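Enquirer: One structure, as structure tokens, below. Some questions next.
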Amino acid sequence: MSFSHLSTLKCSTFSLSSEKFYGNHILPQAASTIPTLDGEAEGNTAGLRNFESTKLRIKKMFNKVDLTVSSYDTAWVAMVPSTNSLKDPFFPECVNWLLGNQLYDGSWGPPNLHPLLMKDALLSTIACILALKRWSVGEEQINKGLHFIESNLASANDEELHSPVGFNIMFPVMIESAMKLDMNLPLGAPTLDALFHRRERELKSSYGSNSEGWRAFLAYISEGFGKSQDWELVMKYQRKNGSLFNSPSTTAAAFTHLKNADCLKYLRTLLEKFGNAVPTVYPLENYARLSMVASLESLGIDRHFREEIRSVLDETYRCWLHGDEDIFSDAATFAMAFRLLRVNGYDVSADPLSQFSEDCFFNSLGGYLKDIGAALELLRASEFIIHPDESVMEKQNYWTSHFLKQELSNTLVQGHIFNKHIVLEVEDVLKFPSYANLGRLSTRRAIKYYNTDSTRILKSSYRCLNIGNEDFLKLAVDDFNICQSIHREELNHLARWIEENRLDKLNFARQKLAYCYFSAAATLFPPELSDARISWAKNGVLTTVVDDFFDIGGSEEELVNLIQLVEKWDVNVSVDCCSEHVEIIFSALKDTINEIGVKAFKWQGRSVTSHVIEIWLDLLKSMSKEAEWLRNKSVPTMDEYMTNAYISFALGPIVLPALYLVGPKLSEEVVRNSEFYNLYRLMSTSGRLLNDIQGFKRESAEGKLNALTLAMIHGNRVVTEEETINEMKSVITSKRRELLRLVLLEKGSIVPRACKDLFWNMSKVLHLFYAKNDGFTAHDMMKTVMAVTEEPIVADEFCNQSHV
């Protein structure tokens, strides 16, 4: 059981003054935070060394899962009697560990424990006292421990403190055991009475439910019931590794009563690995390493650890194919494995998710304990539906989101300091589904929510440095700011490009450079993708200008002239352009396309300029057809409209040329393949429908037709606007899932994944822009844009928030 949380390049036209190196990539010199290798600035060289040393430390973490030991669980292992003599401990090394690891205040547990974890210290201390008393050793330690408990007993009834799992039942039972052994505790004190009443009340209120989750909970805390527990019934929870719930304390108690050989084998394995003490949960390797991968991806630094991540995922996939119990028995581990494997192109079926249906989850130990972290992972996994028959994931999405919303409304959950990071994570996932979550935006939020204090709590608190680690946060902040400084320089270059090409003189055209570059920087953020970002942004600006030219800025003669110029290509602009507007637009188009052709030749080793011209011609002709429909007041059929509209939506010139600039070589065979076409069509179709829904009222007022209008006109029955919108949203969902399936599919695919990702990235941009309104036309996204392109992250601000 591994509950994740309980209750809890320089180019010919982009020429900057000098170049700097970042890793193996040539970068423009930008902010002073960019580390260098040339020795020019000592501070920057030190910055690079720090960056690389942080990466190295993280790489080493993949080799070992660092898990703290538990005084509480070690005490229960220490209480196991020898099979040869009931007067001797089976594991004397654990007894010796207890004797040597009492803290200065008389307690046992992690040093410098947070005050909110006082109940953890109380429970661990009483367990250690009982273990030492069991073998009549450590009288001095026992007395110091009793004094600690007596001094802090009132904390046991403080509901503001974080409780170990089962504390309200276990602690009174163990206090009672201590009293029977004539230990010096204040018998009859009001605090003790309140403890016993709470235990009885909790037991009575839950016995009536008779749920499987409740029975699993009682089995998990079996050590607190001793001989009164039905140990044969408890053993149904035994796992293949010999443990019960991966809990050393439960397993030790079971071995004490049943002498089960597999329990003993598990305990011996623990001591061989950890020495003279044991953790509160084991094994945790799969969960910890998957958490590392998930964290590195969410923090936007996974590209620095591709080999290590691939190794983890390959091993996880091997375990998946073999039905490994350590993955399939724990909801959070399973959900992370499923999501990370599917997103990274491994073929995994959603069928096993049925074991974590709503009923199954709440009839499990994690469900009974309302494991928010596990439910959150299940929700994240449920978002990656790629097949029509994955209703199990739709159901999972529904119940997990409903459950998490309920838990967020719980004031105790909201107010607890140990829950603040998980609460922020839940709010983020509920507000930003994966299909509308852009790389740099989600990274910025992940940095904000990342908890470097990896303290978690089951029966006792524990830490796993692989899960919450300051190096992760440090590298993420540095990487974000380095990339952003490059993005700022690129954005300044693009602003000059607009002025130099007189695009700002076109008064009819919307000025959307910030949005166009944002959509590139938010998704194609690595420094080495500068060519792709510049292409994406310039073509975004130009498609906006051309769209407005065809809509309102150009006469019929000018529109025809522009298309003819692109078709002829080699023309004399001063003679062949019929107006200044046409001259400005065509000159900018030609220069940009030729520039992309030069850059792409370096990446591809062949000329692709003719293909980029073709892409632009397709767009211009589709826009011309829409303009013709509007002039003639024609009403096309829905099929005629959509066949033209997915092209006129103008994503082709933005996305398709950029594919040549992200790394992989694309042959003519690939770009003419149906897979390539389908990726483009699905992305553009869903985008067009999203745009048409949000722009319906505005376009209707302007006398323009769109998909929503045509669906209502050509429908076979009388339908309302709301019904039509709902039907279109279903179509969008279907197209989006089909697109994601093509992106993630590896078998039979000839389009490289790095290229397919651009289609998915643009789809996410569209879902973000059109989440509430026509975000591209409106101005309310500037704050979001600034967060990616202008506002650096102040490391100390987030580091301080990460500590409890």
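Enquirer: Under a crude label model (7 Å from the Cα following the beta-carbon direction), how far is His714 from Asp314 in nanometres?
Expert: It works out to 5.1 nm between the two label points.
Enquirer: Throw me the Rg/Rh for the chain, computed over C-alpha atoms with Kirkwood Rh, two decimals.
Expert: 1.06
Enquirer: Also, I was wondering about something else. How far, in nm, would the chain grow between Asn84 and Glu556 when pulled straight, counting 0.36 nm per residue and subtracting the alpha carbon separation?
Expert: Roughly 159.9 nm would be gained on extension.
Enquirer: Hey, with R₀ at 30 Å, roughly what FRET efficiency would Glu325 and Leu430 work out to, going by the Cβ-Cβ distance, to 0.05?
Expert: For Glu325 and Leu430, the calculated efficiency is 0.45.
Enquirer: Once label points are set 7 Å from the Cα along Cα→Cβ at both His387 and Thr191, what is their separation, rounded to one decimal in nm?
Expert: Label-label distance for His387 and Thr191, simple model: 5.8 nm.
Enquirer: Could you work out the relative contact order of the stretch 377-536? I mean the mean sequence separation of Cα pairs under 8 Å and 6+ apart, divided by the number of residues, in percent.
Expert: 17 percent
Enquirer: Tell me whether the stretch 478-562 comes out rounded, prolate or oblate; compute the Cα gyration tensor, take square roots of the eigenvalues as a ≥ b ≥ c, and use a/c under 1.5 as the rounded threshold.
Expert: Prolate.
Enquirer: Leaving out ligands and nucleic acids, and using a 1.4 Å probe, what accessible area per residue does the stretch 476-795 come to in Å²?
Expert: In whole numbers, the stretch 476-795 has 40 Å² accessible per residue.
Enquirer: Let me ask something else. Using θ = phi - 60° and the Karplus form 6.51 cos²θ - 1.76 cosθ + 1.60, what ³J(HN,Hα) does each residue of the stretch 422-429 get, whole Hz, x for Gly and Pro?
Expert: Here the 3J(HN,Hα) series is 5, 4, 5, 5, 4, 4, 5, 5 Hz.
Enquirer: Just add up the charged neighbours of Ser648: K/R +1, D/E -1, any other residue whose Cβ is under 14 Å from the Cβ of Ser648.
Expert: -4
Enquirer: Once you place label points 7 Å from the Cα toward the Cβ at Ala261 and Arg631, how far apart are they in nm?
Expert: Inter-label distance under the simple model: 9.0 nm.
Enquirer: Still on this structure: Could you name the lysines in cross-link range of Lys772, using Cα to Cα under 16 Å and dropping any fewer than eight places away on the same chain?
Expert: Within the straight-line limit of under 16 Å, Lys772 reaches these lysines: Lys431, Lys697, Lys729, Lys764, Lys783.
Enquirer: Could you give P(r) for the stretch 238-377, binned at 10 Å from zero, as whole percent values over all Cα-Cα pairs?
Expert: 11, 35, 34, 17, 2, 0
Enquirer: Could you order the peptides 48-55, 443-450, 532-539 from most to least packed, using the average number of other C-beta atoms within 10 Å per residue?
Expert: The densest-packed peptide leads the list: 532-539, 443-450, 48-55.
Enquirer: May I pose another question? Kindly state, to the nearest 0.05, the FRET efficiency for Glu93 paired with Ser734, given R0 = 60 Å and r defined as their beta-carbon distance.
Expert: Computed FRET efficiency for Glu93 and Ser734 comes out at 0.50.
Enquirer: Whole-Hz ³J(HN,Hα) for each residue in the stretch 586-598, computed from phi via Karplus 6.51 cos²θ - 1.76 cosθ + 1.60 with θ = phi - 60°, x for glycine and proline: what do you get?
Expert: Values per residue, Gly and Pro as x: 5, 4, 5, 4, 5, 4, 5, 5, 5, 4, 4, x, 5 Hz.
Enquirer: Could you tell me which of Ser70, Phe550, Gln564 has its Cα farthest along the dipole of the chain towards the positive end, charges placed at Cβ (Lys, Arg +1; Asp, Glu -1), taken about the Cα centre?
Expert: Ser70
Enquirer: Full extension from Asn50 to Arg488: what is 0.36 nm times the residue separation minus their Cα-Cα distance, to one decimal in nm?
Expert: 155.3 nm
Enquirer: Additional query: Quick one: length gained pulling Arg502 to Lys568 fully straight, 0.36 nm per residue minus the C-alpha distance?
Expert: Answer, rounded to one decimal: 21.5 nm.
Enquirer: How would you rank 75-84, 157-166, highest first, on the average number of other Cβ atoms within 10 Å across their residues?
Expert: Packing order, densest peptide first, comes out as 75-84, 157-166.
Enquirer: Any idea what the relative contact order of the stretch 571-723 is, in percent, if you count C-alpha pairs under 8 Å spaced at least 6 apart?
Expert: 22 percent
Enquirer: DSSP loop (so not H, G, I, E, B), at most 12 other Cβ within 10 Å: list which GluC sites (Glu not before Pro) in the stretch 680-723 pass both filters.
Expert: Loop-located and lightly packed - Glu702.
Enquirer: So what are the radius of gyration and Dmax for the Cα set of the stretch 69-277, in Å?
Expert: In Å, with Rg to one decimal and Dmax whole: 16.5, 46.
Enquirer: Another question about this same structure. By average Cβ neighbour count within 10 Å, what is the ranking of 316-326, 648-658 from highest down?
Expert: 648-658, 316-326
Enquirer: Tell me, what HN-Hα J-couplings in whole Hz come from the Karplus equation 6.51 cos²θ - 1.76 cosθ + 1.60 at θ = phi - 60° for each residue of the stretch 88-102, using x for Gly and Pro?
Expert: 10, x, 5, 10, x, 4, 6, 4, 4, 5, 5, 4, x, 10, 6
Enquirer: Does the stretch 685-791 come out rounded, prolate or oblate, given a ≥ b ≥ c as the square roots of the eigenvalues of its C-alpha gyration tensor, rounded meaning a/c under 1.5 and, failing that, prolate meaning a/b above b/c?
Expert: Verdict is oblate for the stretch 685-791.
Enquirer: If you project the alpha carbons of the stretch 476-795 onto the principal axes, what extent comes out on each, in Å, largest first?
Expert: Cα spread of the stretch 476-795 along its principal axes, largest to smallest: 56, 49, 42 Å.
Enquirer: Between Glu150 and Lys772, what FRET efficiency comes out of the Förster formula 1/(1 + (r/R0)^6) with R0 = 51 Å and r the beta carbon distance, rounded to 0.05?
Expert: After rounding, the FRET efficiency stands at 0.30.
Enquirer: So for the stretch 69-277, averaging the separation of alpha carbon pairs under 8 Å that are six or more residues apart and normalising by length, what relative contact order in percent results?
Expert: Rounded, it is 22 percent for the stretch 69-277.
Enquirer: Skipping prolines and chain starts, which residues have an amide H placed within reach, meaning under 5 Å, of the one on Ser555, given they are 5 or more residues away or on another chain?
Expert: Here the answer is none, since no amide H 5 or more places off falls under 5 Å of that of Ser555.
Enquirer: Let me ask another. Could you sort out which of Lys512/Lys756; Lys133/Lys259; Lys144/Lys459; Lys512/Lys633 sit more than 28 Å apart by Cα distance in this structure?
Expert: With Cα atoms farther than 28 Å apart: Lys512/Lys633.
Enquirer: Ok, one more. Given Cβ point charges of +1 (Lys, Arg) and -1 (Asp, Glu) and nothing else, what value in debye, to the nearest 20, does the dipole of the chain about its Cα centre take?
Expert: Its charge dipole is roughly 1220 debye.
Enquirer: Quickly estimate the mean residue ellipticity at 222 nm for the chain, helices only: each DSSP H run with n ≥ 4 gives -39500 (n - 2.57), and the total goes over all residues, rounded to 500.
Expert: -19000 deg cm²/dmol
The values are calculated or read from the model by the stated rules, or taken from the named source; none is laboratory data. Note that the structure is a prediction, hence the values are computed from the model and not measured. In this analysis, Cβ positions are derived from the backbone assuming ideal geometry, glycine residues included, and neighbour counts consider all displayed protein chains. Ligands, DNA and RNA are excluded from the accessible area calculation, which covers all protein heavy atoms including side chains. Shrake-Rupley method; radii C 1.70, N 1.55, O 1.52, S 1.80 Å.
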